[in-house]
Amino acid sequence: PHRAPLPSILLANVQSLENKLDDLRARLKFQRDIQDCNLLCFTETWLNPEVPDHAIQPAEFFSVHRMDRSKRKTRGGGVCLMKPWVDKTFRDALRSCSATYNSGLASGNMDEYKAASYRVRRVVKEVKRRYRKKLESQFHQNGSRSLWQGLRTITDYRTPSSRRVNADASLADELNTFYSCFEAAALSA
């Protein structure tokens, strides 16, 4: 089977993420190298706080970490999408591996890097095992709340968020007036 030697990270400068979400979802569904990514990092997302997290979260369950630009700058910002089992232990092991790689390049001795990369593999297995046990425990606990929580997690169910629309009677009147002019033009023709 296809397996990446280390956890894979996709880093891309997207220059507006909103109009590329369908492409991202398709690639996550059909491209194996992107499916296997543990972290998806995007720069220049051009998102603002009005765009909710669920709008940019792909169908796979990833946790969303955003850094939007605000105030005067409309461009810039970034998003990091992580698989749910990625935790501090994994991030620390990955940082350690990167540091030993850089020191190995400087010294010419890559033995420490090899050991660190094997350590990352062990950490990934351990973190995934812990996450699996956490999910399984939700099904073995007494209580319907934990059962439903486990089902929501494995099915990636999210409650639909409703954005409040400021609508009043004047908006309805304006829309009626606007569309009635087309009806009048069609009837007279």
Hey, Leu28 buried (at least 16 other Cβ atoms within 10 Å of the Cβ), assigned to a loop (DSSP other than H, G, I, E, B) and in contact with an Asp or Glu (Cβ under 8 Å, 6 or more places away or on another chain) or not
no
Is it true that some residue in the stretch 132-143 is within 24 Å of Ser8 (Cα to Cα), at pLDDT 85 or above and touching a helix residue (DSSP H, G or I) at 6+ places or on another chain (Cβ under 6 Å)?
no
Residue that is modelled with the lowest pLDDT [pool: residues in the stretch 63-94 that are crowded, with 19+ Cβ neighbours inside 10 Å and β-branched (Val, Ile, Thr)]:
Val86
Give the number of residues within the stretch 31-49 that are under 15 Å from Gly78 (Cα atoms) and out of contact with any strand residue (DSSP E or B) (no Cβ under 6 Å at 6 or more places or on another chain).
4
Is it the case that Pro49 is over 18 Å from Asn13 (Cα atoms), outside any strand (DSSP E or B), at pLDDT below 90 and in the same structural domain as Asn13 (by TED's automatic domain parsing)?
yes
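The values are calculated or read from the model by the stated rules, or taken from the named source; none is laboratory data. Remember, it's a predicted structure, so these values are computed and weren't measured experimentally. All Cβ positions, glycine included, derive from the backbone under ideal geometry; neighbour counts span all protein chains shown.
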